[in-house]
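Engineer: Encoded as structure tokens, here's the structure I'll be asking about.
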């Protein structure tokens, strides 16, 4: 059996860990720039707050009912995710961390899976205060569906074992569940399925797999097979290396100066380089891109690709390409609303070779480990490139940001 464990209302739940008085209160977490709702507590759902709705549209409701508002605190969420995933890993034969708040667990050979899942829920709650739901099925797609049922129906109390429900009840549940709820079926695919009169999960289950493959692809055929209990999608204990890594973000306000863009590009380079180093990856190409507000007239978008003579993972060395990029894409009369960085041609460390004609290239930046140690001890902002301070105009608006309780010594919880 496979379990899909999902943290309930994860971002909102993280915000209540160090604010227990908010546990039963309506809470929402907003996206970058405090734009739209990306997480809600159960109390907020009762008020009718929808996922993805812009904050300005529900501001009156929030004021009327005293909804607690938070900006996205990714440092806190990532820290709590690592703690939860570490605990879950101790319960499983093997584990695939699927996202920041979801994990597949191989529970092969474990007896009384429902009681075992309850113990899992209790342990995670006691050790982290994060509530979880557990779905149990013989395949990954069925485990995902079981998790959906665990959250949907209160009588299951956040644990759903499809084997215990039995085939008849599972099929009935599938018959009243929209096909869009199936893992791997997006809104475009679900729209096409409904045109084929495949409206529910059960309709997809009894569909001809070969026909589905011809219309869509082999991945959709596997989804049909997995709905029928035929294992086609294995757990991936080790995540496959990324083909490319992206970091981009809208600015709080439109910016026009070269320093604004340079400072923002440095932020994004540090972001992608941090992700590369965690996976022992090196980039052979970097793309700088910037654009104006797409909803205004005279929309303008620009980018430049720069080949790196020999693959790099150091933000210090890669940042040296910013001025070259700005010379090509920056226009002083343009009001920029967003910029970003993409690193391509990613290879692992053992394939990195030195370019004989590039004197500045070094495979390993000897200063970088020291910088990382300082940041780990004193915080990310303790040491950085001087040019990162050229401008703050581009930075994300976070009017409702909570403290980084678990990652910043200056923001530890105070007990008086």
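Engineer: Only one of these conditions is not met by residue 141: (1) over 11 Å from residue 3 (Cβ atoms); (2) crowded, with 18+ Cβ neighbours inside 10 Å; (3) touching a strand residue (DSSP E or B) at 6+ places or on another chain (Cβ under 9 Å). Which number is it?
Structural biologist: Only one criterion in (1) over 11 Å from residue 3 (Cβ atoms); (2) crowded, with 18+ Cβ neighbours inside 10 Å; (3) touching a strand residue (DSSP E or B) at 6+ places or on another chain (Cβ under 9 Å) is unmet by residue 141, namely (3).
Engineer: For the stretch 234-242, indicate whether the set of residues that are in a loop (DSSP other than H, G, I, E, B), over 25 Å from the mean Cα position of the chain (by Cα) and more than 30 Å from residue 267 (Cα to Cα) is non-empty.
Structural biologist: Scanning the stretch 234-242, I find no residue that is in a loop (DSSP other than H, G, I, E, B), over 25 Å from the mean Cα position of the chain (by Cα) and more than 30 Å from residue 267 (Cα to Cα), so the answer is no.
The rows are residues; the columns are (1) part of a loop (DSSP other than H, G, I, E, B); (2) in contact with a strand residue (DSSP E or B) (Cβ under 9 Å, 6 or more places away or on another chain); (3) modelled with pLDDT under 80.
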| site | (1), (2), (3) |
| --- | --- |
| 341 | no, yes, no |
| 365 | yes, yes, yes |
| 371 | no, no, no |
| 376 | no, no, yes |
| 391 | yes, yes, yes |
| 397 | yes, yes, yes |
| 400 | yes, yes, no |
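Engineer: For the stretch 289-310, indicate whether the set of residues that are outside the structural domain of residue 93 (by TED's automatic domain parsing), within 23 Å of residue 35 (Cβ to Cβ), touching a helix residue (DSSP H, G or I) at 6+ places or on another chain (Cβ under 7 Å) and not in a helix (DSSP H, G or I) is non-empty.
Structural biologist: yes
Engineer: Could you tell me which residue of the stretch 177-191 is farthest from residue 152 (Cα to Cα), considering only residues that are touching a residue at least 24 places away in the same chain (Cβ under 8 Å) and either in a helix (DSSP H, G or I) or touching a strand residue (DSSP E or B) at 6+ places or on another chain (Cβ under 7 Å) (or both)?
Structural biologist: 189
Engineer: For the stretch 99-108, which residues satisfy the criterion of being touching a residue at least 40 places away in the same chain (Cβ under 8 Å) and either under 12 Å from residue 7 (Cβ atoms) or surrounded by fewer than 19 Cβ atoms within 10 Å (Cβ to Cβ) (or both)?
Structural biologist: Within the stretch 99-108, 100, 101, 102, 103, 106, 108 qualify.
Engineer: I've got another one for you. Can you tell me how many residues in the stretch 1-15 are part of a strand (DSSP E or B) and surrounded by 24 or more Cβ atoms within 10 Å (Cβ to Cβ)?
Structural biologist: Qualifying residue count for the region: 5.
Engineer: Within the set of pairs 6 or more residues apart or between chains, which connect a residue that is at positive phi inside the stretch 202-231 to a residue that is assigned to a loop (DSSP other than H, G, I, E, B) with Cβ atoms less than 7 Å apart?
Structural biologist: Pairs that qualify, where the first residue is at positive phi and the partner is assigned to a loop (DSSP other than H, G, I, E, B), are 229/138; 229/139.
Engineer: Inspect the stretch 148-160 for any residue being within 30 Å of residue 24 (Cα to Cα) and touching a residue at least 60 places away in the same chain (Cβ under 8 Å) and give the result as yes or no.
Structural biologist: Yes, the conditions are met somewhere in the stretch 148-160.
Engineer: Can you tell me which residues in the stretch 315-330 are surrounded by 14 or more Cβ atoms within 10 Å (Cβ to Cβ), out of contact with any helix residue (DSSP H, G or I) (no Cβ under 8 Å at 6 or more places or on another chain) and closer than 15 Å to residue 289 by Cα?
Structural biologist: Selection gives 321, 329.
Engineer: Let me ask something additional. What number of residues within the stretch 112-138 are in a loop (DSSP other than H, G, I, E, B), touching a strand residue (DSSP E or B) at 6+ places or on another chain (Cβ under 9 Å) and within 21 Å of residue 41 (Cα to Cα)?
Structural biologist: Looking only at that region, the number is 2.
Engineer: Hey, could you check the stretch 139-167 for residues that are outside any helix (DSSP H, G or I) and touching a helix residue (DSSP H, G or I) at 6+ places or on another chain (Cβ under 9 Å) and say which is nearest to residue 225 (Cα to Cα)?
Structural biologist: Within the stretch 139-167, the match that is nearest to residue 225 (Cα to Cα) is 139.
Engineer: If you check 158, 147, which single one turns out to be at pLDDT below 95, within 30 Å of residue 76 (Cβ to Cβ) and outside the structural domain of residue 9 (by TED's automatic domain parsing)?
Structural biologist: Values: 147 fails: at pLDDT below 95.
None of the others qualify; the one that does is 158.
The values are calculated or read from the model by the stated rules, or taken from the named source; none is laboratory data. Small disclaimer: the values here were computed from a predicted structure and weren't measured. In this analysis, Cβ positions are derived from the backbone assuming ideal geometry, glycine residues included, and neighbour counts consider all displayed protein chains.
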